[in-house]
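Bear in mind these aren't lab numbers, they're just calculated from the coordinates by the rules spelled out. Every value quoted in this text rests on a predicted model; they were computed, and no experiment measured them. Neighbour counts run over all protein chains shown; Cβ positions are idealised from the backbone, glycine included.
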Amino acid sequence: MTNLSPDETRRRRSIYLLPNAFTTANLFAGFYAVVQAMNGKFEMAAIAIFLAMVFDGMDGRVARLTNTQSAFGEQYDSLSDMTSFGIAPALVMYEWSLQGLGRWGWLAAFIYVVGAALRLARFNTNIGVVDKRFFQGLPSPAAAALVAGFLWLAVDNKLALETATIAWMSFGFTVYAGIAMVTNAPFYSGKSFALGRSVPFWVLLVLVGVFVFVSSDPPIVLFSLFVVYGLSGWVIMGWRWRRARELTRMRHANVDDHDLAVPPSAFSATHTFDSRQSPSLKQPDQAPDSTPKPPDRHDPF
């Protein structure tokens, strides 16, 4: 375990008001969504889930900006997310349309709930291990927005579809969101785009443009944005898989080219062996011939 200084230990054990106030607002919005669904006000329930998303995004950034992160805040935020983005969307969808499907309806809702629980548990245990630029699996707020966005779109725009068709479409979105949360597909986290205490002027212009764009027709715009985001992880995974195959193919091609470029062996037919180049293999000098030579014809003897 990492050794922390006394100040760091005291800060980790502290309970800070500002970030935990946003977490409490997140929890209240999730609870309010369930209450409104029980009263048959499904549009208000969907809006409450989107408000919970806003509060959930603010508590972490406020804690980082004010340097008030704490272990208590992490656990409190996780429990609030399970309520607002795990239980609340499943119950709202079940009360709205899944109830008419019988066992398939509550099974779809349970798949979503267990997917959110597993997603949050894996996220808590993998902090500091995975790439911070990407989430491992669809984040639970985005999954809740995908489900609540379809509900809001269907109720606000009064889709001209049969009740059974709406129910099975709700079944598909709920099951997909639950399964996508426990996959390994990488979804962009946005944490690399960190805002400091002060921002450039163009950031304010972008925020104004986003508000205007969303306010033009919130159900259609929000649902479309989260559908695109809910599919982006598979696109990134496919691109990474294709890139890995290309790198593997290039690596094999480089290995084959290297094998072809290796020079032939020193004992191949293109080389001749010269024993004179090796002193250890040089033949010994011949001794002088001891056989007597015949006398020269001019020898007087």
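Of note:
- Built amide H within the under 5 Å cut-off of Thr183, gap 5+: Leu138
- The Cα-based radius of gyration and maximum Cα-Cα distance (Dmax) for segment 147-233 are 16.6, 51 Å.
- Using Cβ point charges alone (K and R +1, D and E -1), the dipole size of segment 56-175 about the Cα centre works out to roughly 260 debye.
- Estimated inter-spin distance, Thr66 and Ser232, nm [label 7 Å along Cα→Cβ]: 2.9 nm
- Sequence-distant residues sharing a close amide H with Tyr188 (under 5 Å, placed H): Phe135
- Pairwise FRET efficiency - Trp106 versus Val54, Cβ, R0 = 22 Å, nearest 0.05: 0.15
- Extension gain from Ile15 to Asn157, taking 0.36 nm per residue of separation minus the Cα-Cα distance: 46.8 nm
- Residues of segment 110-139 with an amide N closer than 14 Å to a point placed 7 Å from the Cα of Tyr188 along the Cα-to-Cβ direction: 133-135.
- Dividing the convex hull volume of the alpha-carbon atoms in segment 67-185 by its residue count gives 114 Å³ per residue.
- Between Trp202 and Glu43, the contour length at 0.36 nm per residue exceeds the alpha carbon distance by 53.9 nm.
- Whole-Å semi-axes of the ellipsoid equivalent to segment 102-157 (Cα gyration tensor, √5λ, descending): 27, 16, 6
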